[in-house]
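Trainee: So that we are looking at the same thing, I have put the structure below in structure tokens.
The values are calculated or read from the model by the stated rules, or taken from the named source; none is laboratory data. Only a predicted model underlies this, so the values are computations on that prediction, with no experimental measurement involved. FYI the Cβ positions are ideal-geometry reconstructions off the backbone, even for glycines, and counts take in every protein chain you see.
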Amino acid sequence: MTDRIYYTDPSLIEFEATVTSVDNVDGRHAVRLDRTAFYPTSGGQPHDLGTLGNARVIDVVEVEDGDVLHFVEGVVTTGDKVPGRIDWSRRFDHMQQHTGQHVLSAAFDTLLKARTESFHLGADHATIDLARELTPAEIARAEEDANRVVWDDRPVHIRFVDAAEAAALPLRKAPAREGTLRLIDVDGYDLSACGGTHVARTGAIGIIAVTGWERFKGGMRVGFVCGGRALSTHRRLRDVVTESARLLSTMQDELPSGIERLQADARDARRQIKDLQSRLAGHEADRLAASAQDGVVVAALDGWDQAALKNIASAIAARPGYVAGLLGGPSPFAVVVARSADRGTDAGAVLKQLAARFGGKGGGRPELAQGGGLSGDAADIADYLRSLL
């Protein structure tokens, strides 16, 4: 069974180990070592990256027999003593996030009786799933208390206990496994069974910042970032806010009202466009009907939405002897097909044939059908539509 160095020394970056086997697993080189500092994906925390000799470690997994498999790109030979090196920037990021999660989960639990059901650590964000919903004020309260513990720079201890000892301890959550337990003890604040990697003092977490929350499975999913991720998140937010304020020619703290004005202007513009298109639809119908050949009107009209196309096509079809097929661009195109009561064309069938050839979807009745999502050249679609009509 692999001796896991990270259990007792999570800050170790370099180590030496003996290669006990090299196997082919699903087309990849899987290396077993007598000892390792590489953390395998487990407990919501992703695996480490790094090198074994000249080979790159690209994945690390735990197998049922208790060993750790290191999937590598490069040559490693059974029996060799190889130097291992951990990607420290990735490891330290994971340590900051995971210890930060312990502190934040303890704050939710102690202050608000909101139990953590699960934890996920992704490449750029982390989430905690809580057993109940919280208000924004409650979340802020837990966030403030968690950061108080961070800035206290409390020691974070690692210790091992058996099941009997664990039963007498005030663990935040009952352990899911039996036997010897590894405990992470945030001095005076949280005691939890955990196999992950953690910082030695809470000050190394830097800061815990909640990034958002949403209802999830009857409870609450809370997103957060710690340390270096918090700094990166702040920079991105700063740049977005600065550029948005510049584009709106407003101060940063006036962005919400600036966006509201922009949305109101956009709504007014859409209403005006709709009104103008409605007024123009009759004139456009007269123009197209006047140029029809044998009562067939086919046209591509850029800038007209589907509602306006329907108005124009319906106005044409109100005349006896007409059938109209109108495209609205740019691509992907909207389409409306309409026919007069005295024409035998099935508009719905025409639309189905168009969709079969150019994609998109839609439907309707024999006298009027409409759809959208047609892809291709407007002239080709128009020619095919004319042949169908």
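Trainee: Check whether at least one residue in segment 211-227 is outside any loop (DSSP other than H, G, I, E, B), surrounded by 10 or more Cβ atoms within 10 Å (Cβ to Cβ) and touching a Pro at 6+ places or on another chain (Cβ under 9 Å), and report yes or no.
Mentor: Yes, some residue in segment 211-227 is outside any loop (DSSP other than H, G, I, E, B), surrounded by 10 or more Cβ atoms within 10 Å (Cβ to Cβ) and touching a Pro at 6+ places or on another chain (Cβ under 9 Å).
Trainee: For segment 1-84, list the strands (runs of 3 or more DSSP E) that sit wholly inside it and hold at least 1 residues that are within 29 Å of the chain's Cα centre (by Cα) and within 28 Å of A193 (Cβ to Cβ); which are they?
Mentor: On the way: elements: 14-25, 28-33, 50-52, 55-62, 68-73.
Where strands (runs of 3 or more DSSP E) fall fully within segment 1-84 and carry at least 1 residues being within 29 Å of the chain's Cα centre (by Cα) and within 28 Å of A193 (Cβ to Cβ), they are 50-52, 55-62, 68-73.
Trainee: Of the residues D185, D153, which is of a type in the set (D, E, K, R), at pLDDT 95 or above, over 15 Å from Q97 (Cα atoms) and out of contact with any His (no Cβ under 7 Å at 6 or more places or on another chain)?
Mentor: Working: D185 fails: out of contact with any His (no Cβ under 7 Å at 6 or more places or on another chain).
On inspection, the qualifying residue turns out to be D153.
Trainee: May I pose another question? Hey, can you tell me all the residues within segment 56-72 that are over 29 Å from Y189 (Cβ atoms) and at pLDDT below 95?
Mentor: Initial filter on segment 56-72 (over 29 Å from Y189 (Cβ atoms)): 56-61, 63-72.
Once the filter is applied, which keeps residues that are over 29 Å from Y189 (Cβ atoms) and at pLDDT below 95, segment 56-72 yields V63, E64, D65, G66, D67.
Trainee: Oh, and also: Do the conditions hold for S89, that is, is it farther than 30 Å from E133 by Cα, at pLDDT 95 or above, under 29 Å from the mean Cα position of the chain (by Cα) and among the small types (G, A, S)?
Mentor: Values: farther than 30 Å from E133 by Cα: yes; at pLDDT 95 or above: yes; under 29 Å from the mean Cα position of the chain (by Cα): yes; among the small types (G, A, S): yes.
So S89 passes the test.
Trainee: Pairs only if they're at least six apart or on different chains, beta carbon under 7 angstrom, first in segment 84-102 and of a type in the set (G, A, S), second in a helix (DSSP H, G or I); list them, first residue then second.
Mentor: Listed pairs, sorted by first residue: G100/I205.
Trainee: Just the residues that are of a type in the set (D, E), outside any helix (DSSP H, G or I) and farther than 22 Å from A209 by Cα, please, taken from segment 143-175.
Mentor: Step one: of segment 143-175, the residues of a type in the set (D, E) are 143-145, 152-153, 162, 165.
After this cut, where a residue has to be outside any helix (DSSP H, G or I) as well, the list is 152-153, 162.
Across segment 143-175, the qualifying residue is only D162.
Trainee: What number of residues within segment 353-378 are surrounded by fewer than 16 Cβ atoms within 10 Å (Cβ to Cβ), free of Cβ contacts under 8 Å to residues at least 24 places away in the same chain and more than 22 Å from A315 (Cβ to Cβ)?
Mentor: 3
Trainee: Can you pull out every residue in segment 176-204 that is in contact (Cβ under 8 Å) with a residue 60 or more places away in the chain and of a type in the set (S, T, Y)?
Mentor: The answer is Y189, S192, T197, T202.
Trainee: Then there's this: Every residue in segment 324-356 that is of a type in the set (A, V, I, L, M, F, W, C) and closer than 14 Å to A382 by Cβ, please.
Mentor: A324, L326, L327, F333, A334, V335, V336, V337, V350, L354
Trainee: Now for a separate question. Looking at segment 304-347 only, could you name the residues that are within 39 Å of the chain's Cα centre (by Cα) and under 11 Å from A369 (Cβ atoms)? Explain how you work it out, then say what you get.
Mentor: Filtering segment 304-347 down to residues within 39 Å of the chain's Cα centre (by Cα) leaves 304-310, 326-336.
Scanning segment 304-347 gives K310, V335, V336.
Trainee: A follow-up question, please. Within segment 259-281, identify whether any single residue is in a helix (DSSP H, G or I), among the hydroxyl-bearing types (S, T, Y) and out of contact with any helix residue (DSSP H, G or I) (no Cβ under 9 Å at 6 or more places or on another chain), and answer yes or no.
Mentor: no
Trainee: Which residues, counting only those in segment 176-210, are crowded, with 17+ Cβ neighbours inside 10 Å, under 31 Å from the mean Cα position of the chain (by Cα) and not in a strand (DSSP E or B)?
Mentor: Hits for segment 176-210 are C194, G195, G196, T197, H198, V199, T202, A204, I205, G206, I207.
Trainee: For segment 310-330, enumerate the residues that are in a strand (DSSP E or B), of a type outside the set (A, V, I, L, M, F, W, C) and surrounded by 19 or more Cβ atoms within 10 Å (Cβ to Cβ).
Mentor: Here is the first cut: in segment 310-330, the ones in a strand (DSSP E or B) are 323-329.
Adding the requirement that they be of a type outside the set (A, V, I, L, M, F, W, C) leaves 325, 328-329.
Residues satisfying the conditions are G325, G328.
Trainee: Only residues that are in contact (Cβ under 8 Å) with a residue 12 or more places away in the chain and surrounded by fewer than 12 Cβ atoms within 10 Å (Cβ to Cβ): list them for segment 161-175, please.
Mentor: Hits for segment 161-175 are D162, P170.
Trainee: Which ones in segment 118-149 are under 23 Å from P170 (Cα atoms), surrounded by 15 or more Cβ atoms within 10 Å (Cβ to Cβ), at pLDDT 95 or above and in contact with a strand residue (DSSP E or B) (Cβ under 6 Å, 6 or more places away or on another chain)?
Mentor: Within segment 118-149, I128, D129, L130, A131, E143, A146, N147 qualify.
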